[in-house]
1. Take HIS165, HIS348 and order them by how many other Cβ atoms sit within 10 Å, fewest up front.
2. Could you list ILE136, ILE142 in order of exposure, starting from the residue whose Cβ has the fewest other Cβ atoms within 10 Å?
3. Amide H neighbours of ILE226 under 5 Å, counting only residues 5+ apart in sequence or on other chains, H built in-plane at 1.01 Å?
4. Of all trypsin sites (Lys or Arg not before Pro) in region 135-193, which ones are in loop regions per DSSP and have a Cβ with at most 15 other Cβ atoms within 10 Å?
5. Could you tell me which GluC sites (Glu not before Pro) in region 132-194 are loop residues by DSSP with no more than 12 other beta carbons within 10 angstrom of their beta carbon?
6. Please list the non-local residues whose amide H lies under 5 Å from the amide H of SER305, H modeled 1.01 Å from N, same-chain partners needing a gap of 5 or more.
7. Listing LEU269, LEU299 from the residue with the fewest other Cβ atoms within 10 Å to the one with the most, what is the order?
8. Find the centroid of the Cα atoms in region 136-152 and in region 239-311, then give the distance between the two in whole Å.
Amino acid sequence: MRKNQFIGFAFVSVCLWALVTYYLFLDRPLNHKPDQQKQIQIQEHLSLLELKLNEQFLDGEKLLQQLRNIVKEQQLSVRVNEAGAEGRGVGEEQQLEKQQGEKEDEQVNRMRSLAEEVLPDGGPVIAVLVFACNRITVNKCIDQLLKYRPARERFPIIVSQDCGHRPTADVIELYGDEITRIEQPDQSDIPVPPKEKKFKGYFKIARHYGWALNYTFFKFNFDTVIIVEDDLDIAPDFFEYFLGTYPILKRDPTLWCVSAWNDNGKAGLVDENAPDLLYRTDFFPGLGWMLTKSVWAELAPKWPSSYWDDWVRQPEQRRNRACIRPEISRTRTFGKIGVSNGHFYEKHLKYIKLNEKFVPFTQKNLTYLLKDDFDRFVM
């Protein structure tokens, strides 16, 4: 009897504990924070978890690459031992270097011929330079460029890869001769001030930009380049936009770039009924932009070791020149995870409106963007 009473008492106690727990933690709303603030906090925790998982993934990829390098070194060592002569191994290495040099020379000659080709309509040849590192989703960017590109001889696509990330290289190489792949050769560590160690990625990006732009302008000999990052969506009239604004950029010395990006281009803040509207801006927008060899020749000798986009906005570089930018952006970033750790993406970048209506800019009179005409236009 006592045993049954004890069991009954225990059962009632458990039921009461469950009710109290339900009331406190499930049914009862938290008084110290509104529901919306709780959702924001949960989202922030999820975003932080995503960043941590991505960092672990990248660390794993680096370790895998190191293991691959060790295996390659061991395989080479075995081949040398089997040959029975160290001299032969050195000779093979020299032969490999010679072959790589010949392949690079062939690539340079081919790209130079494209850069210097005179098209039937007399129009420009503009290289598209895609910066890639360790995003295998670079295929999304390349696919869109190939989809909307009007002619390969007009817009040769060059993908410059940093980081030595083999999975990304494999994706890029799948495109064959549709694109040209180059690789930033200097993978050495970069000395960074102690206070900026967590921003080392920005130093590597600046090094990559400097090398790739020098290579494209001075080795391939292109006169004009459109710079694209590997995390950008592009609008259907992306190429038409740059082709239409090209004559204005070349004609007006008070312009120094054309950008496809409106930094304030969120849906609701732009006039969606005016996709053909363009402006001059003193602010460098970036995120899909075009510049000429003459401007790069001016910037290259003093290119910074880090934070290049902030650097080009300084008065010493801008020199009272402006950029053309659209009312509605022709690019939009999908790169939530990156060197900046997703800062501003959730609150700003993902809300940028991407133009969907094709505008025939090459058939429009854009002379209102010339400085004197534009000053009258906005007054």
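1. Exposure proxy ranking, most exposed first: HIS348, HIS165.
2. Working: ILE136 16, ILE142 23.
Ordered by Cβ neighbours within 10 Å, fewest first: ILE136, ILE142.
3. Counting only residues 5 or more places away or on other chains, the set is ALA127, VAL128, LEU129.
4. Within region 135-193, the qualifying trypsin sites (Lys or Arg not before Pro) (loop, at most 15 other Cβ atoms within 10 Å) are ARG152.
5. Sites meeting the loop and neighbour criteria: GLU153.
6. none
7. Details: LEU269 11, LEU299 17.
By the 10 Å Cβ count, ascending: LEU269, LEU299.
8. About 20 Å separates the Cα centre of region 136-152 from the one of region 239-311.
Quick note: the coordinates plus some simple rules give every number you see, no bench work behind them. Note that this is a predicted model, so its numbers are computed, not measured. Virtual Cβ from ideal backbone geometry, glycine too; neighbours counted across all protein chains shown.
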